[in-house]
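Worksheet: the structure to be examined is printed underneath.
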Amino acid sequence: MSTSSSSTGTPATAPLVPIYDIDVLVRAEAEIERDPPVFLIKNRYDRLTRIPNTIRGYEPQTESYTEATLDGIKAGQLDELEETTSEKFPKNVVILRNETDYEEARRNGDEATFCPVTIKKVNVERSNLSVQEVQRIMELAREGMRQNGEEAALRIFVREHLADRAINKVIGFGLGTVSYLPFYHAPNTDYPYAETAPEEPHFRQHVAAMILAEELSAVSNTPVELFLQDPEYKKVDTEVLTNYGFCLVGPAGARGFALIDERSLVLSSCPGFPLRQVLADMPRPAAVVLNSTSSPDDPESSRSRRMMSEYSDEYLDVEPITSFVDSIWWVRKP
């Protein structure tokens, strides 16, 4: 990635707070939707970062444009790749940098040119489950959660910890595609988990989100909206999940953060981005579900630790938990 700085903007000595400016995140996703040969991302000080759109065939080494590397790729036609490639299709997504990157820029005196996001081409697995198959798996997943007591535990948790929080939205980040299972339908391969697919956490996490929204709406007597953000979602995911009442936002992985506020319940499981650090720069949600330990993709930071001190750690009263496995339910202190 190459950068170029304008002559305007705040001096480099000015503090960059917050790291994740919501306008920068939203503009990055809008730039992907625009689909230019070269993405231009402005940081909070209007300093430009130039990122080549490799799907469109831009060659940064020669500063020239070539024919698209895949047949038929033109501006506004990238959705067709999902149907024209055999196993995977390329997709541009927003990649979030973390606090370590920011601190390095600050030490080098580059705060004013630091941009918390970049754009990268990733290869996404094409759906290998039909709409009907996903619906059936979701129904079986819910029945399994009813039988093992997990649905009841989720409803009790809402009544005991969240009933007075006026939550009006449930937002899931990185819950995973429900339209792809490894090796499913692969030639000459016996998929060993076909019958146990409803036990896979990513199906049950979506079911848990629906149960939580239902109970939150019941205790408050007001509608509770369901939102999801994950670049792995495809057309089958969109059709199925929309039918279940979800609204899919941020297909490139950024716009959904603008929805977070004090009346939100945020759900996550093994996010492939620094969610803890992003949350530290957002309005404080009423509750957050996070993995019990951080990871290289979702590391802690000084900011995230300060944020978590404002929350109490709670747990679902059921064993085993099959949806948000090895997670802590953080509830904002009064």
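The values are calculated or read from the model by the stated rules, or taken from the named source; none is laboratory data. The shown structure was predicted, so the numbers you read here are calculated from the model rather than taken from an experiment. Note that we place each Cβ from the backbone using ideal geometry, even for glycine, and neighbour counts take in every protein chain shown. Please note that ligands, DNA and RNA were not included when accessible areas were found on the heavy atoms of the full protein model with its side chains. Shrake-Rupley method; radii C 1.70, N 1.55, O 1.52, S 1.80 Å.
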>> Across segment 287-327, what fraction of all alpha-carbon pairs, as a whole percent, falls in each successive 5 Å bin from zero upward?
In response: 5, 17, 29, 24, 14, 9, 2
>> If you count only protein heavy atoms with a 1.4 Å probe, what accessible area per residue comes out for segment 256-334, rounded to a whole Å²?
In response: 42
> Of ALA280, VAL219, THR242, whose Cα points farthest to the positive end of the dipole of segment 213-282 (charges on the beta-carbon: +1 Lys, Arg; -1 Asp, Glu; origin at the Cα centre)?
Replying inline: ALA280
> List the lysines whose alpha-carbon lies under 25 Å from that of LYS235, not counting same-chain residues fewer than 8 positions away?
Replying inline: LYS74, LYS88, LYS91, LYS120, LYS121, LYS169
> Under a straight-distance cross-link criterion of Cα-Cα below 13 Å, which aspartates and glutamates are reachable from LYS333, leaving out those fewer than 8 residues away in the same chain?
Replying inline: ASP164, GLU262, GLU310, ASP313, GLU314
>> Please list LYS120, LYS235 from largest to smallest accessible area, probe radius 1.4 Å, with all protein chains kept in place.
In response: LYS120, LYS235
>> Which three extents, in angstrom, do the Cα atoms of segment 178-334 have along their principal axes, listed largest first?
In response: 55, 39, 35
>> Solvent-accessible area of CYS115, probe 1.4 Å, all protein chains present, reported in Å² to the nearest ten, please.
In response: 10
>> At 1.4 Å probe size, what's the solvent-accessible area of GLU300? Round to the nearest 10 Å².
In response: 90
